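For reference, the structure discussed in these notes is given below.
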Amino acid sequence: MIRYIKLLSIALIFFVLLINISPAQQTKKPESTGTEKTGRTESIDEDLIEEGKKLDEEIFLIYKKINDVIVNYKLSQLKDIKFLPYRTTYDVKDNYIQVEKYEIERDYFNHEIIRGINKKIIKLFLSGNTISRVESEITEQMVGAGYIDRVIVIDPSPLVQGTDDITFTQTKKTMKILDNKKLGDIKNDASSPVRNNIKKEFIIPHITSLFDTLLSIADSYYKGIKDTDSILSDFLKKSADY
């Protein structure tokens, strides 16, 4: 009987110890399934997609501003413009407006020696007064070395939101490196967001500069007309005195 009581006492002690063990000690930490990492990756991809959409909207709005300048200032009808921004040419063809900008790289020690010429030719194709297509040719030429690096960028639908259909063709000397590669096919992930970078670092600055150039040309042209009209008015006013 005494032995039975001792055994019962020992069992009660173990029972008390078990129910007093903290929940943290009873709970086993679940094994990692790898879903945490996958979730972070998906979140990064969604962020890149969202960023790309915002960049597309910004590009669309800049093109819309460019189109408004062409329409409001009747740029497709302006020819023989006398005053242009530095190192810029402007020409109106049958169905497009051409803007050319260039810079000259000179020798560091002798500025009379030209080392290279960097040039951008932008063609704004029009359907009526609306931009229907934009072609940009960017060229870097090393004078005397016969080295030419050229990229042709074509946006077939600038006034439609979205940039996946923009194409790039690149040549170095005579070797073609890219042939009509679409922006939508260019890599864009967390380790290398090239597509979004092209939008941020090339397309937006490129067309923003074009907008500024067109606006400057329009302002200069109409200011020139106003100045000419004022000169005429002053001359006629003066002639009324004799």
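For (1) within 23 Å of Ile154 (Cβ to Cβ); (2) touching a helix residue (DSSP H, G or I) at 6+ places or on another chain (Cβ under 6 Å); (3) at pLDDT below 90, each residue gets a yes or a no:
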residue	(1), (2), (3)
Thr33	no, no, yes
Gly39	no, no, yes
Asp45	no, no, yes
Glu50	no, no, no
Phe60	yes, no, no
Thr89	yes, no, no
Tyr108	no, no, yes
Ile121	yes, no, no
Leu124	yes, no, no
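Tally time: how many residues in the stretch 78-87 are surrounded by 14 or more Cβ atoms within 10 Å (Cβ to Cβ) and either in contact with a Phe, Trp or Tyr (Cβ under 9 Å, 6 or more places away or on another chain) or modelled with pLDDT of 90 or more (or both)?
The total comes to 3.
Look at the stretch 171-192: where a residue is at positive phi and a partner is β-branched (Val, Ile, Thr) and assigned to a strand (DSSP E or B), sitting 6+ places away or on another chain with Cβ atoms under 7 Å, you get Lys173/Ile148; Asn180/Thr167; Asn180/Thr169. Could you tell me which residue of the stretch 134-167 is farthest from the chain's Cα centre (by Cα), considering only residues that are part of a strand (DSSP E or B) and among the polar types (S, T, N, Q)? It comes out as Gln141.
Counting the residues of the stretch 116-139 that are within 18 Å of Asp179 (Cα to Cα) and not hydroxyl-bearing (Ser, Thr, Tyr) gives 4. Within the stretch 138-153, the set of residues being modelled with pLDDT of 85 or more and more than 17 Å from Ile104 (Cβ to Cβ) comprises Arg150, Val151, Ile152, Val153. Leu75 falls short on exactly one of the conditions (1) crowded, with 16+ Cβ neighbours inside 10 Å; (2) without any contact (Cβ under 8 Å) to a residue 60 or more places away in the chain, and that condition is (2).
Checked against (1) modelled with pLDDT under 95; (2) over 22 Å from Leu48 (Cβ atoms); (3) not hydroxyl-bearing (Ser, Thr, Tyr), Lys187 passes all but a single condition, namely (2).
Looking at the stretch 89-131, which of its residues are part of a strand (DSSP E or B) and among the charged types (D, E, K, R)?
Asp91, Glu100, Lys101, Glu103, Glu105, Arg106, Arg115, Lys119, Lys120, Lys123
Here the condition is being in contact with a helix residue (DSSP H, G or I) (Cβ under 8 Å, 6 or more places away or on another chain) and surrounded by 14 or more Cβ atoms within 10 Å (Cβ to Cβ); of Val151, Val134, it holds for Val134 alone. You will find that of Thr174, Thr169, the residue that is among the hydroxyl-bearing types (Ser, Thr, Tyr) and surrounded by 12 or more Cβ atoms within 10 Å (Cβ to Cβ) is Thr169 and no other.
The values are calculated or read from the model by the stated rules, or taken from the named source; none is laboratory data. As the structure is a computational prediction, the values presented were derived from the model and not from experiment. In this analysis, Cβ positions are derived from the backbone assuming ideal geometry, glycine residues included, and neighbour counts consider all displayed protein chains.
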